[in-house]
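Taking it in order: structure first as structure tokens, then the write-up.
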Amino acid sequence: MRISIFHGVHDLSAALARDLVDRLHRTPALILGLPTGRTPLHFYRCLVTLSTEGHADFSRATTFNLDEFLGVAPEQAGSYQQYMERHFFRHINIDRRQIHFLNGAAPSADAECARYEADIAAAGGIDLQVLGIGANGHIGFNEPGEHLAARTHRVILRPETRRANAAPFGGDPNNVPTEALSMGMATILQARSIALMATGAEKAECVAEMTRGPLTTRLPASFLQLHPDVHVMLDEAAARRIR
Ligand code: GLP
């Protein structure tokens, strides 16, 4: 794992945005895997600025979002699709047909997960998967537990994850769906490159375990150690247990 430590979320986000835009210059039809959450907000802001200033052309890019809440329709407040629209997609020149989401309101969750895997494969796989990390070590919505799923699947969210995701649901964890759809561990690990962003002291413990600890289903992000091209990008607070 390559680890970079930045002064704060602004430098970190700017560095990752520049890296992504460099890749886009080299490969205009870049296939991106994208995260949601608080951590990548400034990263999306940087990408929007680069795009507005004419430094980034997303017209041939393709995106796949990592996960979505089960039972939440794309147009509903709180859906990750709404988050991505608000913070990123509506501000850039991406071809709408190239934006991919899991539909949390699909009639069959299993069929929806299979469809997503097939769409990722048909696109040729993900070039760059950007990740955040949950304070409990989850990536996407691959929660810690006895086992992990390889492929896109339906998952039961842990109480701490529902608490962390309460903001778009009126701040009440009870309003956060109990289940979600998420890319699986193999879906993520098959991306050709991975960039994981983590900021803030509440991530310091799981970041240290992820980079130095054993591979364990109790900390799904630890499996990133198996990947040959992972860039872990941290602010000083998130890095303080590995210094
Ligand atoms: C959610 C998302 C993850 C994200 C995590 C961390 O659970 N499903 O993809 O990495 O939150 O979010 P934050 O960046 O807000 O700490």
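Tabulated values for the structure
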| item | result |
| --- | --- |
| Candidate residues Ile3, Ile92: accessible-area rank, largest first, probe 1.4 Å | Ile3, Ile92 |
| The chain: DSSP helices with Cα axial extent of at least 18 Å and average Kyte-Doolittle hydropathy no lower than -1.0 | 9-26, 109-123 |
| Å² of accessible area per residue within the chain, as computed with a 1.4 Å probe and no ligands counted | 43 Å² |
| Compactness of segment 2-184 - radius of gyration and Dmax, Cα, Å | 16.1, 47 |
| Residue order for Asp110, Asp22, Asp172 - accessible surface, 1.4 angstrom probe, largest first | Asp110, Asp22, Asp172 |
| Distance between modelled label sites at Asp95 and Ala150, nm, 7 Å Cα→Cβ extension | 3.2 nm |
| Added length on full extension, which subtracts the Cα-Cα distance from 0.36 nm per residue, Ala166 to Ser4 | 55.3 nm |
| Value of [θ]222 nm, deg cm²/dmol, for the chain, DSSP H segments ≥ 4, -39500 (n - 2.57) each, nearest 500 | -9000 deg cm²/dmol |
| With DNA, RNA and ligands ignored, accessible area of Ser222 (1.4 Å probe; Å², nearest 10) | 0 Å² |
| Other-chain or far-sequence residues with amide H under 5 Å of Ile3's (modelled H) | Val232 |
| Ala56 long-range amide H proximity, modeled H, under 5 Å | Ser51 |
| Solvent-accessible area, 1.4 Å probe, carbon plus sulfur percent, for the chain | 50 percent |
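The values are calculated or read from the model by the stated rules, or taken from the named source; none is laboratory data. Keep in mind it's a predicted model, so treat the numbers as computed, not measured. Note: ideal-geometry Cβ built from the backbone for every residue, glycine included; neighbour counts use all protein chains shown. Protein only, heavy atoms only, side chains kept; ligands, DNA and RNA dropped before computing areas. Shrake-Rupley method; radii C 1.70, N 1.55, O 1.52, S 1.80 Å.
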